[in-house]
2 protein chains.
Amino acid sequence: MSGEVSAAAVKDLRERTGAGIMDAKGALQETDGDMDKAMDLLRVKGQAKAAKRGERAASEGLVHTYVHHNGRVGAMVEVNCETDFVARNDDFAEFVREIASHIAAAGPLYVSAEDVPEDTREAELRVFREQAAGEGKPEEVQAKIAEGRMKKWLEENVLLNQPHVNADKHDGRTIEEMRAALSATTGENVVIRRFARFQIGE
Amino acid sequence: MSGEVSAAAVKDLRERTGAGIMDAKGALQETDGDMDKAMDLLRVKGQAKAAKRGERAASEGLVHTYVHHNGRVGAMVEVNCETDFVARNDDFAEFVREIASHIAAAGPLYVSAEDVPEDTREAELRVFREQAAGEGKPEEVQAKIAEGRMKKWLEENVLLNQPHVNADKHDGRTIEEMRAALSATTGENVVIRRFARFQIGE
């Protein structure tokens, strides 16, 4: 565990996942340099964002919207890819549609875990730690319990970490897993850039 | 000019426009108590926002979206009214649709003039003053010129101040004028609460 990892492996992992240098290095150290496990780890941690900072620019794409039949909830999402060719691809359009309706139903607050403001994350962690302490858990496991609850919180509030609301159709996969799969089949960087969600009376 | 105005007139003007007490009072003083002129004045100043602060809560309404056929520009808007009855009214739905497509085409930055951050407004005014000075205008008219350009800037960037892009259909009326007309026919406070606009590659 935590041996040295090569710069080439870090670079490779970053290209595959869009993760930052420190995240990619940490994942490879934790998995003894196993690339597949490191990718899984990054995905679980919600860091596998093939992101703006990716080497290849994702500046094409589609804007799509979804409004509930009653007109009281609406969502809009922008998904980027690299070429106009992929933007006009049916699988890409279908993905963008699925994400828009998911956002309307699931109500995420952030695209990726990295978008959660540091003070929000710290405030949540503090509450989870205090909860664990209040439940009389031994001090040495309080941090672990708090981390577990933080992970759950991210699954509930971060789009990429959420399982798609239509679990049957998507085999319980998270949005990040769906994104990674589309990225693999299209061979392009696919980035969920931003979304908005409006609900009447909210 | 600037005589005393009755509390009843201020109240009446506020109910018609949603303007704040000081704005309504100021407008009536400036127009010697002429209600129609005061309403026009408030409209020009972008303060006639039948707003959140209105006495009657506008907590019903519709979310509507518009996406250009190429999927590269999308807009979403939330418009509030007071009752579910009006929210299901055809005129209301038509208004919401017209606003969504207008936003996609015109690309406003703010809903109302009051939403322009103070430092943005000051920075713009400073530029306009410097421009007027640089053009060699007499010092005593520089402020007037800058104010005129500020008004134009608001018309270009503030949704309520913009004439609807479909000028033929809407007789060149601004979004605020369309909103006020709908408010009059429905007898309810109509509030454009928020919007979002996404453009690929922007």
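The values are calculated or read from the model by the stated rules, or taken from the named source; none is laboratory data. For clarity, every value in this text was computed on a predicted model and none was experimentally measured. Counting neighbours? That spans all protein chains shown, and the Cβs are built from the backbone with ideal geometry, glycine included. The area values use the complete protein model at the heavy-atom level, side chains included, leaving out ligands, DNA and RNA. Shrake-Rupley method; radii C 1.70, N 1.55, O 1.52, S 1.80 Å.
The table for this structure:
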{"quantity": "Other-copy label distances relative to B:A133, 7 angstrom Cα-Cβ extension, nm", "calculated": "5.7"}
{"quantity": "DSSP-loop GluC sites (Glu not before Pro) across region B:90-191, with at most 11 other Cβ within 10 angstrom", "calculated": "B:E135"}
{"quantity": "Pairwise label distance in nanometres, A:T185 with A:D32, each label 7 Å out on the Cα-Cβ vector", "calculated": "3.5"}
{"quantity": "Cα principal axis extents for the protein assembly as shown, largest first, Å", "calculated": "82, 55, 41"}
{"quantity": "Cut-off 11 Å between beta-carbons: net charge of the residues surrounding A:K25, Lys and Arg +1, Asp and Glu -1", "calculated": "-1"}
{"quantity": "Cα-centred dipole magnitude for the protein assembly as shown, charges only on beta-carbon of K, R (+1) and D, E (-1), debye, nearest 20", "calculated": "60"}
{"quantity": "Diffusion coefficient, µm² s⁻¹, Stokes-Einstein with Kirkwood Rh over alpha-carbon pairs of region A:92-202 at 4 °C and 1.567 mPa s", "calculated": "83"}
{"quantity": "Peptide B:57-65, shielding by other chains (average Cβ, 10 Å cutoff)", "calculated": "6"}
{"quantity": "B:K144 accessible area, 1.4 Å probe, all protein chains in place, Å² to nearest 10", "calculated": "150"}
{"quantity": "Shielding of A:24-30 by partner chains, average beta-carbon count, 10 Å", "calculated": "0"}
{"quantity": "Region A:68-156: C-alpha gyration tensor shape, a/c 1.5 cut-off, then a/b vs b/c", "calculated": "prolate"}
{"quantity": "Three semi-axes of the equivalent ellipsoid, region A:155-202, Cα gyration tensor, whole Å, largest first", "calculated": "22, 15, 9"}
{"quantity": "Histogram of C-alpha separations across region B:71-116, 5 Å bin width, %", "calculated": "5, 18, 25, 21, 17, 12, 2"}
{"quantity": "Around B:V86: net Lys/Arg minus Asp/Glu count, Cβ-Cβ under 10 Å", "calculated": "-4"}
{"quantity": "Karplus (6.51, -1.76, 1.60) ³J(HN,Hα), θ = phi - 60°, over region B:129-134, in Hz, Gly and Pro reported as x", "calculated": "5, 5, 4, 4, 5, x"}
{"quantity": "Whole-number D in µm²/s for region A:125-175 (Stokes-Einstein; Kirkwood sum over Cα pairs; 4 °C, 1.567 mPa s)", "calculated": "107"}
{"quantity": "Span per principal axis, largest first, for the Cα atoms of chain A (Å)", "calculated": "52, 48, 31"}
{"quantity": "P(r) histogram, all alpha-carbon pairs of region A:93-138 included - 10 Å bins from 0, percent", "calculated": "22, 30, 26, 17, 5, 0"}
{"quantity": "Copies compared at A:D32 - label distances in nm, ascending, label defined 7 Å from Cα in the Cβ direction", "calculated": "9.2"}
